[in-house]
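Everything below concerns the one structure shown next.
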Amino acid sequence: MTPREVEYPVAWGRLAGLRLERPGRPRVIALHGWLDNAASFLPLLPHLPELDLLLLDLPGHGRSGHLPAGAEYSLATHLHAVLDAADALGWERFDLLGHSMGAAIAALVAVAVPARVGRLALIETFGPLSEAVGNTATRLQQGVAAARALPGKSLRVFPDLAVAVRARMQANQLYEASARLLVERGTRPVAAGHVWSSDPRLTLPAVQRFAEAQVLDLLAAIACPVRLLYADPAQPYFPDDLRRARLQALSGLEPTVLRGGHHLHMDQPAAVAAVFERFLG
């Protein structure tokens with residue numbers, strides 16, 4: 001089956017996504033990573049069991065709307081978007097499949113509304129990014145300065161999509177087919193070619209991050225079953241010692257580790273689907 005385009009009105013605009021309807025099957029919302037979009041999960045679909053699926057474009061990503069002028073993106077923004085999408089579908093209870101930033105958001109949703117989340121299938125991240133308390137003031141200063149400077153910046157224009165595909169391949173060490181899926185959904189045409197459709201505000205540094213102790217407290221509050229997949233080697237922002245330390249928040253949680261890059265769910269979909277097939281199905 002081919003997923004169809006869907007759009008849901010929300011208070012600030014619209015949420016878009018790809019919907020694969022299979023009534024009676026487990027309900028799953030898939031959440032992509034930072035600056036990716038719903039197409040991130042397309043390579044997985046032929047390998048997953050039959051699921052009632054929504055591949056969601058998070059706010060400011062893919063074909064979802066951008067927040068109004070003056071608004072700021074945060075983890076809470078995306079958390080509420082997940083709940084808005086579930087409400088639009090009439091889903092009181094659902095499972096979450098998340099990659100990278102989407103996995104961090106999925107964990108927060110499970111903590112915020114434990115009665116609504118049945119299972120967490122997480123790829124490449126367990127919990128949100130954290131930072132030492134001593135960097136709080138510096139982060140605030142840098143975040144505000146970057147936000148004030150953003151209106152003066154212009155979008156990069158790609159003369160054709162092939163150039164954008166090469167840019168994504170280089171930035172994320174993606175296979176060409178994977179990069180093309182993200183680019184085709186993540187760009188819009190302009191007179192001179194194409195530009196990214198994602199909101200430029202998504203590239204701004206957050207003005208605040210959790211302390212690691214707060215993250216551990218949040219992870220310890222997850223009440224539903226969790227299946228976790230890590231890629232080897234670890235990403236610089238989520239090094240192996242941190243990955244291991246966070247596992248202690250949930251006793252008995254053992255990750256599966258596969259050799260590959262950060263987008264291994266796109267580049268190795270069969271192997272990744274095998275990790276989650278019985279868990280989600």
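The values are calculated or read from the model by the stated rules, or taken from the named source; none is laboratory data. Because the structure is predicted, anything quoted here is derived from the model rather than measured. Neighbour counts run over all protein chains shown; Cβ positions are idealised from the backbone, glycine included. What goes into the accessible areas is simple: the full protein's heavy atoms, side chains included, and nothing from ligands, DNA or RNA. Shrake-Rupley method; radii C 1.70, N 1.55, O 1.52, S 1.80 Å.
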Computed over the range 1-160: relative contact order in percent, which uses C-alpha pairs under 8 Å that are six or more apart: 20
Accessible surface of the range 103-256 [probe 1.4 Å, protein heavy atoms]: carbon and sulfur percent: 56
Residue 180 accessible area, 1.4 Å probe, all protein chains in place, Å² to nearest 10: 80
Rounded if a/c under 1.5, otherwise prolate or oblate - the range 1-160, Cα gyration tensor axes: prolate
Nearest-10 value in Å² for the accessible area of residue 47, using the 1.4 Å probe: 80
Surface accessible to a 1.4 Å probe, residue 8 within the full protein complex, Å²: 30
Cut-off 14 Å between beta-carbons: net charge of the residues surrounding residue 254, Lys and Arg +1, Asp and Glu -1: +4
Antiparallel content of DSSP bridges confined to the chain, in %, to 5: 45
Within the range 72-202: Cβ-based charge dipole about Cα centre, in debye rounded to nearest 20 (Lys, Arg +1; Asp, Glu -1): 340
Karplus-derived HN-Hα couplings along the range 75-84 (A = 6.51, B = -1.76, C = 1.60, θ = phi - 60°), whole Hz, x at Gly and Pro: 4, 5, 4, 6, 4, 5, 5, 4, 5, 4
Helix-derived mean residue ellipticity, 222 nm - over the chain, DSSP H n ≥ 4, -39500 (n - 2.57), to 500: -10500 deg cm²/dmol
Difference of contour (0.36 nm per residue) and Cα-Cα distance, residue 150 to residue 208: 19.1 nm
Environment charge at residue 241 (Cβ cut-off 15 Å; Lys +1, Arg +1, Asp -1, Glu -1): 0
Relative contact order (%) - the chain, alpha-carbon pairs under 8 angstrom, separation at least six: 22
Shape call, the range 115-193: gyration tensor on alpha carbons, a/c limit 1.5: oblate
Burial ranking of peptide ranges 85-94, 146-155 (average Cβ count within 10 Å, highest at the top): 85-94, 146-155
Rounded if a/c under 1.5, otherwise prolate or oblate - the range 183-277, Cα gyration tensor axes: oblate
Charge sum, other residues only, whose C-beta stays under 12 Å from residue 225's C-beta, Lys/Arg counted +1 and Asp/Glu -1: +2
